[in-house]
Amino acid sequence: MAQLDELNRKLSTMRHDVNNYLSLIVAASELIRHKPQTAERMMATLGEQPAKIGDAVGKFSAEFERTLGITRT
């Protein structure tokens, strides 16, 4: 049961992190739309988010698989 509680906590953290990264994408997009002069600066923010999302999902997936004894073939 403790493992499931820990896994649930990590799932919650991953959801929170992914939602934050998606919020940054939306905010940067809106800022570019309303203030095109910020595009160059905001492009860095936009470009960083997919990797951060992938890392968060990958980290949780690895923990999920480890906890449940799932191995990839």
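The values are calculated or read from the model by the stated rules, or taken from the named source; none is laboratory data. Computed from a prediction, not measured in an experiment: that's the story for all the values here. Backbone-built Cβ (ideal geometry, glycine too); neighbour counts: all protein chains shown. The protein model used for the area step is the full one, side chains on, heavy atoms only, and it has no ligands, DNA or RNA in it. Shrake-Rupley method; radii C 1.70, N 1.55, O 1.52, S 1.80 Å.
For residue 46, work out the one condition from (1) within 11 Å of the chain's Cα centre (by Cα); (2) open to solvent by less than 70 Å² (accessible area, probe 1.4 Å) it doesn't fulfil.
Here residue 46 clears every test but (1).
Filter the stretch 14-56 for residues that are without any contact (Cβ under 8 Å) to a residue 12 or more places away in the chain and among the polar types (S, T, N, Q) and give the result.
19, 20, 23, 37, 38
Just one of (1) farther than 30 Å from residue 72 by Cα; (2) small (Gly, Ala, Ser); (3) open to solvent by 60 Å² or more (accessible area, probe 1.4 Å) trips up residue 39, so point out which.
The number of the failed condition is (3).
Looking at residue 52, is it modelled with pLDDT of 95 or more, open to solvent by less than 90 Å² (accessible area, probe 1.4 Å), within 15 Å of the chain's Cα centre (by Cα) and not hydrophobic (A, V, I, L, M, F, W, C)?
Taking the combined requirement at face value, the residue satisfies it.
I'd like the full set of residues that are hydroxyl-bearing (Ser, Thr, Tyr), in a helix (DSSP H, G or I) and farther than 14 Å from residue 15 by Cα, limited to the stretch 32-73.
Across the stretch 32-73, the qualifying residues are 38, 45, 67.
What are the residues in the stretch 9-34 that are farther than 15 Å from residue 47 by Cα, surrounded by fewer than 13 Cβ atoms within 10 Å (Cβ to Cβ) and of a type in the set (Ser, Thr, Tyr), if any?
Passing the criteria: only 12.
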